[in-house]
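Notes follow once the structure below has been shown.
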Amino acid sequence: MAWRFKASKYKNAAPIVPKAEACVREICVGSYQTYGNNIAASGAFMAFNWEHTGSSVAVLPLDDCGRKSKTMPLLHGHTDTVTDLKFSPFHDGLLATASQDCLVKIWHIPEKGLEQSLSDPEAIFSHKQRRVETVGFHPTADGLMYSTAAGCVALFDLSTQKEIFSNNEHPEVIQSASWREDGSVLATSCKDKCVRIFDPRAAGSPIQLTAESHQSIKDSRVVWLGNQQRILTTGFDAARLRQVIIRDVRNFSTPEKTLELDCSTGILMPLFDPDTNMLFLAGKGDTTINYLEITDKDPYLIEGLRHTGEQTKGACLVPKRALKVMEAEVNRVLQLTSNMVIPIMYQVPRKTYRDFHADLYPETTGYKTELVAGEWLNGSNQAVPKMSLDPAKREHGDEPIIPRLGPKPFSSTTGDVSFDKVFAVPLAPGSHENISNVGQESGVAELIPPAQGPKPDLIVEIEIKKKHEREPVVGGNGVQKSLTTSERRKSSADDDESSDKIFEQSSESSENSAEGEDRTDADLRRSCSSRSSFAERRRIYENRSKSQVDEKPQSPVPLRREHSKVEPLKPSQQQQQQQIDTKRISVPEGKLMEEHRRGNGAAGLKKSATEAAFSAASTKRTSTVFGKVSKFRHLKGTPGHKSTHIENLRNLSRQIPGECNGFHANQERVAVPLSGPGGKIAIFELSRPGRLPDGVIPSLVNGSNIMDFQWDPFDAQRLAVACDDGIVKLWHIEAGGLSEPTNSPAGELTAHLDKIYFIRFHPLAADVLLTASYDMTIKLWDLRTMSEKCSLSGHTDQIFDFAWSPCGRLGASVCKDGKIRVYNPRKSETPIREGNGPVGTRGARITWALEGHYIVCTGFDKVSERQISVYNAQKLSTPLNTASLDVSPSILIPYYDEDSSTLFVTGKGDSTIYCYEITDEEPYICPLSHHRCTSLHQGLSFLTKNHCDVASVEFSKAYRLTNTTIEPLSFTVPRIKSELFQDDLFPPTRITWSATLSAEDWFASNDKAAPKVSLKPEGMETLSSIQQVPAQPVKKPDHPQFGGQKSEFEINKQQEIQKSVSARMEFTTKLEQDDMEGVDENEWQE
């Protein structure tokens, strides 16, 4: 019995909480109903859920501290809550995230952490419409990842981006999973109150052992106790008391130890260190973290010092190689709270901390392995080599162990690349370690020759720097379509050295910076065709522009393409390529190049950037092409004050068809469908915000299921509702709104004999209604006479959407057969133009842009990834550009603001409103600042321009429907001189809130353009009235003057400075003497 009294070395390990200054503070963390720990750590970084929805992830350096801005860079990769996240044990920059949106995504974190937000992952894996609960990496095989969704366990090989194992034998949701340290078997805890031992390589059923565990269906966790034959689980018993159970797999059905604690509701998250047998139990929502030591004999669990502090939202352990071993730190727990990340150091008290205490630090598992996923699956077992934490036995002594940061974006397409070669990337700055076969004196990374079998698609980059010379890289023409995830996997190149050189800077300093400090320029020039999506190139360019603005605030140098280093084009393509190149560069640079091509020569090229900017008057709308920044680039969405919300909504309908937007508002009231029989629609007056009283909500009872509904754009009191019986009911809402339920519409229109897909009012003509039905026909009606006027045919499948052109003459439809059709309803019943639309069959939307010259269509691709495509309205064969967003089941509903050319898209159940500018030049779709809401919305409806508060620079206003509220949402543009009318943002707008012509005139083809009106309030000065009028360009001599006289360039520059100073000074012709009292003229005569 002597062992009972043997004191443990870690018995008195004490938790040491740092001061607030050493913690990560002022972060935004919510409460998430997930089976994950909400935070993860590697040897270099920490990652945790961000904001209340938890769909974004914050990634910070492990030793970071201080206040954090709410605008800090994040991982915006998921459309729903991130349920679990883990770092690779072999690559500190490789992060896996799982989400409720049914996806698992792999991210690469740069060496210096996130300097800008990321939304493009390195790889995506789908669980086929099943919410992903847990994710993690194999402990011994590099590149092997597991995830669980419902009762499915899946294994993925990252080197090939393929699922290599899947099993669905668990009857309920898998709540937790843990590998044995040697990677041979997996332990799982399930909602069916059982714990299982799972061997994916076993012949037959992979479930080897099953035993009853915690007798509650609430959350449970499992952790394998290192390489022992024991597992530990936490959960709840039948009386909802929290339990800790230890089991020996050799006697699996009988628990070895059962410890009952308290009746708190939060699950205990077990954090176990196999080197020291230290166990930390952090309960979600608890303010205490328990420390226990696990022994192999009774009493099995020995309680240590308990830490009490902030309420816990999540917790994780830091890898042993990141500990401060010279301070006797044996473990570190990262505690995630609602607004902080607290690093809690567990220190063993010693008399001195000058020496390394080897008895506290046995050899720990290293971070290098030779085993890969394919070898493991074929039955190979290989332990990860141990490493010593003694600084004297480490290569660099007291210096921290340099982390391996994992892959970087690059498409490896030269053949079958081994996983070790793929991840043989440069170490962090300051590292003295050498990576084999990378960065040798020859400067060439030799890859394994092509072998039989599939090519790996892992997106990685091997950075190669030649010491002596840098050969020019031949490039092709620009990539016009933003590549989707599936297309990036399929993209290939002939050779690593033939990657596209998208943009080059002609100055010699840029070449030096490519090999030295300016990594962004080097990355920009090294971009390959598989990475040259517009979004990625633009982010690189913006970062580069920021660094140049810091050095030269007055005139950032624009990028320029060197035609001498670009692959020669055919004569027929040269003129087109010159036009594209002119559009891609900044305004001043484009002016200079155009003048140079006209023959101005050196005199034209000597024009300063400032002078060119003055000469380029901003009459044309700016876009986000390289060098030109949209005026709406930094638009800001602001929800209205809570006093303007309509609250206590209830019984919202979730059964509305996908063709219906599900929510519609005008300037006076909103219409919201309610659940239950009878097809009820509630009407709420916007003039009466606040909390709705409990009880029955007054509604319109239609008697049949609702298919679609829409307010009359010219009558705020008329609502049209389409039902599944083919009848359109017209309701008239009295002033003041509904006081009680009613089932008596003002009129009924029997439009079709089958269900109606949707209805659309004409944008200019009054009393013109369009209906689309299951019989694949579209009909136009005159509501004054309730008569059919036109019928359109040509569709072969379900009609998803129809949109009128701004002129009101044409209409465009998108169909399930993958076609886009353009109609002229008054001249032809068949389409006048037809083209290919989205290939996905889950739904689509369509709208017109740029005065009807372009068509924007939202839909899905073959892998259900949401996308936005822009078409030329005259050529519908192929889209001009396609931007991919994410994988989500909800249809993107577009709204286009024609004055700002801004496209707002979002879907039901999303929390993000994506904003883009549609341009008439490449790349046609330019991303703006997206607006992320604090909660999920069920619908979004925009108002007309005359209801925007232009005095507050509000260019668009909408109402947002959530599960319980209706909230106003304002989109503004930050401006310094907001007291002036921003006439560059608010051109004269078309009057769309009153009818331009009658139904009789429109059906008679008496077209009339909608009048325009200025939104400028009375008495408000315009911004252009105080700005300097651009000076006429001064004719320059053919030859510049030299010698003692000033050159024309210097004279013009001096005049330019004088004019800019004069424009900022007050100008008046009034003299001081005018205010003085003088003498009469008669006095002078006297």
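Sort the following peptides by mean Cβ neighbour count (other Cβ atoms within 10 Å, averaged over residues), highest first: 640-652, 217-229.
Details: 640-652: 14.8, 217-229: 19.2.
Sorting 640-652, 217-229 by mean packing, highest first, produces 217-229, 640-652.
In this calculation the C-beta distance from residue 793 to residue 163 is compared with R0 = 45 Å, giving a FRET efficiency of 0.50. The share of Cα pairs per 5 Å bin across segment 714-791, counted from zero up to the longest distance, runs 3, 15, 26, 25, 16, 10, 4, 1 percent. Between amide H atoms placed 1.01 Å from N, distances below 5 Å from residue 371 occur with 142, all of them 5 or more places distant or on a separate chain. A Stokes-Einstein calculation at 37 °C with viscosity 0.692 mPa s, built on the Kirkwood radius of segment 51-99 over Cα pairs, returns a diffusion coefficient of 271 µm²/s.
Heavy-atom accessible surface of residue 634, to the nearest 10 Å², is about 120 Å², with a 1.4 Å probe and all protein chains retained. The H on the amide N of residue 819, modeled in the peptide plane, is under 5 Å from the matching H of 837, each at least 5 residues off or on a different chain. All other residues whose Cβ lies under 11 angstrom from that of residue 687 are scored, Lys and Arg at +1 and Asp and Glu at -1, for a net of 0.
Each 5 Å bin from zero holds the following percent of Cα-Cα pairs in segment 205-260: 4, 20, 29, 25, 15, 6, 1.
Going through segment 677-756, which GluC sites (Glu not before Pro) have at most 14 other Cβ atoms within 10 Å and a DSSP loop state? Each step should come with its number before you reach the end.
Details: sites: 685, 734, 748; in loops: 734.
For GluC sites (Glu not before Pro) across segment 677-756 that sit outside H, G, I, E and B with at most 14 neighbouring Cβ atoms in 10 Å, the list reads 734.
Shown for segment 24-121 is the translational diffusion coefficient from the Stokes-Einstein equation, using the Kirkwood radius over Cα pairs, a temperature of 25 °C and a viscosity of 0.890 mPa s: 185 µm²/s. Per residue, segment 756-805 exposes 29 Å² of solvent-accessible protein surface, assessed with a 1.4 angstrom probe and all protein chains in place.
Solvent-accessible area per residue for segment 157-201 at a 1.4 Å probe radius, Å²? Show your work: numbers first, answer last.
Numbers: 1450 Å² over 45 residues.
So segment 157-201 comes to 32 Å² accessible per residue, rounded to a whole number.
Every Cα-Cα pair in segment 901-972 was counted, and those over 18 Å apart are 43% of them. Residue by residue, segment 297-310 carries 3J(HN,Hα) couplings of 9, 4, x, 6, 10, 10, 6, x, 6, 9, 9, 10, x, 7 Hz when phi is fed to the Karplus relation 6.51 cos²θ - 1.76 cosθ + 1.60 (θ = phi - 60°); x denotes Gly or Pro. Using every pair of distinct Cα positions in segment 817-910, the Kirkwood expression returns a hydrodynamic radius of 13.8 angstrom. Applying both filters, DSSP loop and at most 10 other Cβ atoms within 10 Å, to the GluC sites (Glu not before Pro) of segment 986-1030 gives 1018.
I want the local charge near residue 758. Using Cβ-Cβ distances under 13 Å, sum +1 for each Lys or Arg and -1 for each Asp or Glu among the other residues. Walk me through the numbers on the way to the answer.
Numbers: positive: 755, 760, 779, 845; negative: 659, 708, 724, 801.
Within the 13 Å Cβ shell, the charges total 0.
Each residue was assigned an accessible area with a 1.4 Å probe, and for residue 880 the value is about 40 Å².
Residue 144 sits among other residues whose Cβ lies under 11 Å from its own Cβ, and their net charge, with Lys and Arg +1 and Asp and Glu -1, is -3.
Taking 0.36 nm per residue of separation and subtracting the Cα-Cα distance, full extension of the segment from residue 295 to residue 250 would add 14.5 nm.
Accessible surface computed residue by residue for segment 288-349, with neighbouring protein chains in place and a 1.4 Å probe, gives 35 Å² per residue. Rounded to whole numbers, the Karplus 3J(HN,Hα) couplings from phi for segment 201-217 are 8, 6, 6, x, 6, x, 7, 8, 9, 9, 8, 6, 10, 5, 8, 9, 7 Hz, using 6.51 cos²θ - 1.76 cosθ + 1.60 with θ = phi - 60°, and x at Gly and Pro. Annotation for segment 944-1000: trypsin sites (Lys or Arg not before Pro) lying in DSSP loop with at most 16 further Cβ atoms inside 10 Å of their Cβ are 975, 977.
Summarise the accessible area of segment 1-112 (1.4 Å probe, protein heavy atoms) by the percent that is carbon and sulfur.
Working: 2230 of 4310 Å².
Taking all protein chains in place, segment 1-112 shows 52 percent carbon and sulfur surface.
For residue 340, the amide hydrogen comes within under 5 Å of the amide hydrogens of 27, counting only partners 5 or more places away or on other chains and with H modelled in the peptide plane.
Can you give the translational diffusion coefficient of segment 650-748 in µm²/s, computed by Stokes-Einstein from the Kirkwood radius over Cα pairs at 25 °C and 0.890 mPa s?
Details: Rh = 13.5 Å.
After rounding, the answer is 181 µm²/s.
Each peptide in 294-306, 236-248 gets a packing score, the mean of other Cβ atoms within 10 Å over its residues, and the list from highest to lowest is 236-248, 294-306. Across the alpha-carbon atoms of segment 230-341, the computed radius of gyration and Dmax are 14.7, 46 angstrom.
The values are calculated or read from the model by the stated rules, or taken from the named source; none is laboratory data. Because the structure is a prediction, the values reported are computed rather than measured. Neighbour counts are summed over all protein chains in view; Cβ atoms, including those assigned to glycine, are modelled from backbone coordinates with ideal geometry. Ligands, DNA and RNA are excluded from the accessible area calculation, which covers all protein heavy atoms including side chains. Shrake-Rupley method; radii C 1.70, N 1.55, O 1.52, S 1.80 Å.
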